[in-house]
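Enquirer: Quick one: structure below, then a few questions.
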């Protein structure tokens, strides 16, 4: 008997059954056919593997356009590592009702329109919560624990299903910092997971993001709602980038840049704070600028952090597989293609793109975050 009065043999059987589900998704139906299990917080404590003995799971987090896709692809090039994205597992508040029925010009674009995170879809579903609150199997327990545990189980199910098919050893998801709570949620649901936070100068991220969003505006069949003033800026830039730059006009409206700067600062600082406080040694940071300067050294450090093979030969092969030249179709770093997902691949691009107003606006909204992450404020460069 355990201290809680439950037979230890039953706990062992439940643990073995759930681990089988996690490692072999096809076992789900077999497990339920044998009678199923009621998963309380007590049950889950037996298979969470917080000692690191289970399937290694990790998450790559970062603000949009910070190099996370490059990092994801390099990790996935490793023979032991499966890394995909974006699963949108976290951010419990993420629900975009207008995405449900949105019509787009391309079916591939529509497939990317997640109307909610997985956590939101499960934990905020009215009928699922009512079932948990009223079921004979769960009504005496805390509903939130069951909803969190179901989210964890579902996330593990999807990750390990792909991992099993890949033949690799560890699985990770590229998880955008879509809110300030993402890293805290990861730590709550996956306290044993490793988190890699890729940080880029927020001003460069803003420049890259405006180019990225230009391709996805509603007037082009996309999902981004831009005012006419903004789409006219885009069209003039695409028509003649050099002439646009010579005018001294900003790429941004002041409102949009203030929003970008504010959310960049709050999200990267929250990720650092929660990562260090809640995950400890399972949290690490990289800088995009360091990846550019010394890619093999930085990628090797990430492989070592994950417990994957970090031999120089392996690192070189992975870095070469995802070089800018390969990812861009033959362009050299610095050769811009505003309409490409691999646009320019440089650091410090903001210095030529920001107007004096842009510099002041970004400092007002995110100056402390720039300083905290060691980026120059650039006040003397206007």
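Enquirer: Collect the residues in the range 176-212 that are surrounded by fewer than 20 Cβ atoms within 10 Å (Cβ to Cβ) and out of contact with any helix residue (DSSP H, G or I) (no Cβ under 9 Å at 6 or more places or on another chain), keeping them in residue-number order.
Expert: Correct list: 212 only.
Enquirer: Which of the numbered conditions does residue 292 fail, given that it passes all the others? Conditions: (1) within 21 Å of the chain's Cα centre (by Cα); (2) modelled with pLDDT under 95; (3) part of a helix (DSSP H, G or I).
Expert: (2)
Residue by residue, here is whether (1) closer than 16 Å to residue 191 by Cα; (2) more than 23 Å from the chain's Cα centre (by Cα); (3) buried (at least 16 other Cβ atoms within 10 Å of the Cβ); (4) in contact (Cβ under 8 Å) with a residue 60 or more places away in the chain holds:
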residue: 115; (1), (2), (3), (4): no, no, yes, no
residue: 129; (1), (2), (3), (4): no, yes, yes, no
residue: 136; (1), (2), (3), (4): no, yes, no, no
residue: 146; (1), (2), (3), (4): no, yes, yes, yes
residue: 151; (1), (2), (3), (4): yes, no, yes, yes
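Enquirer: Let me ask something else about it. When you look at residue 273, is it within 21 Å of residue 334 (Cβ to Cβ), without any contact (Cβ under 8 Å) to a residue 40 or more places away in the chain and either surrounded by fewer than 17 Cβ atoms within 10 Å (Cβ to Cβ) or touching a strand residue (DSSP E or B) at 6+ places or on another chain (Cβ under 8 Å) (or both), yes or no?
Expert: Details: within 21 Å of residue 334 (Cβ to Cβ): no; without any contact (Cβ under 8 Å) to a residue 40 or more places away in the chain: yes; either surrounded by fewer than 17 Cβ atoms within 10 Å (Cβ to Cβ) or touching a strand residue (DSSP E or B) at 6+ places or on another chain (Cβ under 8 Å) (or both): yes.
It is false that residue 273 is within 21 Å of residue 334 (Cβ to Cβ), without any contact (Cβ under 8 Å) to a residue 40 or more places away in the chain and either surrounded by fewer than 17 Cβ atoms within 10 Å (Cβ to Cβ) or touching a strand residue (DSSP E or B) at 6+ places or on another chain (Cβ under 8 Å) (or both).
Enquirer: Let me ask you something else. State which residue pairs qualify: first residue more than 9 Å from residue 296 (Cβ to Cβ) and inside the range 307-321, second residue surrounded by fewer than 14 Cβ atoms within 10 Å (Cβ to Cβ) in any location, beta carbons under 6 Å apart, and separation of 6 or more residues or different chains.
Expert: 310/304
Enquirer: If I filter the range 76-93 down to residues being in contact (Cβ under 8 Å) with a residue 40 or more places away in the chain and farther than 16 Å from residue 176 by Cβ, which single residue comes out as nearest to the chain's Cα centre (by Cα)?
Expert: Among those residues, the one meeting the criterion is 82.
The values are calculated or read from the model by the stated rules, or taken from the named source; none is laboratory data. Predicted, not measured: the structure shown is a model, and the values here were computed from it. Heads up, the Cβs are rebuilt from the backbone with ideal geometry, glycines too, and the neighbour counts pull from every protein chain shown.
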